[in-house]
Amino acid sequence: MQCSSSCCDFCGNAADLQQYPTVHGSVTWYACAECARIIATESWEQLIERSLAAYRDIRPITEGEEPILRNHVEQLVQAFRSFRPELRRNVSERRVLGARL
Ligand SMILES: [Zn+2]
């Protein structure tokens with residue numbers, strides 16, 4: 001979501017923002033209370049769906065645009081995860097667990 005720093009990076013909501021500092025000192029992500037709740041449970045698919053729904057609220061998305069926009073939002077969420085040091089650790093821990101199964 002292209003927005004100033006005063007709204008949620010995922011859905012554009014401007015209320016109850018939480019800050020997420022990243023490994024890049026100058027970059028801070030913002031998430032509203034609902035997106036922060038989703039992030040806390042690491043429900044990334046749900047976060048992607050919520051973000052897509054926010055785009056749909058701005059204007060109708062055509063069938064042709066849907067996969068492009070979804071890809072964009074998936075990359076956004078992927079970037080958020082890779083820039084967050086503790087989330088990245090969780091991801092790699094999960095990989096190790098997955099390798100053992
Ligand atoms: Zn949000």
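Taking the options GLU63, GLU45, name whichever one is out of contact with any Gly (no Cβ under 6 Å at 6 or more places or on another chain) and in a loop (DSSP other than H, G, I, E, B).
On the way: GLU45 fails: in a loop (DSSP other than H, G, I, E, B).
After ruling out the rest, the residue left standing is GLU63.
Test ALA53 against the criterion of being within 12 Å of the ligand (Cβ to nearest atom) and surrounded by fewer than 16 Cβ atoms within 10 Å (Cβ to Cβ), and give yes or no.
On the way: within 12 Å of the ligand (Cβ to nearest atom): yes; surrounded by fewer than 16 Cβ atoms within 10 Å (Cβ to Cβ): yes.
When the stated conditions are applied, ALA53 passes them.
Checked against the criterion of being within 14 Å of the ligand (Cβ to nearest atom) and of a type in the set (A, V, I, L, M), the candidates ILE58, ILE68 yield just one match: ILE58. So which pairs qualify, if the first residue must be in segment 49-60 and modelled with pLDDT of 90 or more, the second must be within 12 Å of the ligand (Cβ to nearest atom) and of a type in the set (Phe, Trp, Tyr), the Cβ gap must be under 9 Å, and the two must be at least 6 apart or on different chains? As it stands, the answer is ARG50/PHE10; SER51/PHE10; ALA54/PHE10, since those pairs meet every condition given.
The values are calculated or read from the model by the stated rules, or taken from the named source; none is laboratory data. For clarity, every value in this text was computed on a predicted model and none was experimentally measured. Please note: Cβ atoms are built from the backbone with ideal geometry, for glycine as well, and neighbour counts cover all protein chains shown.
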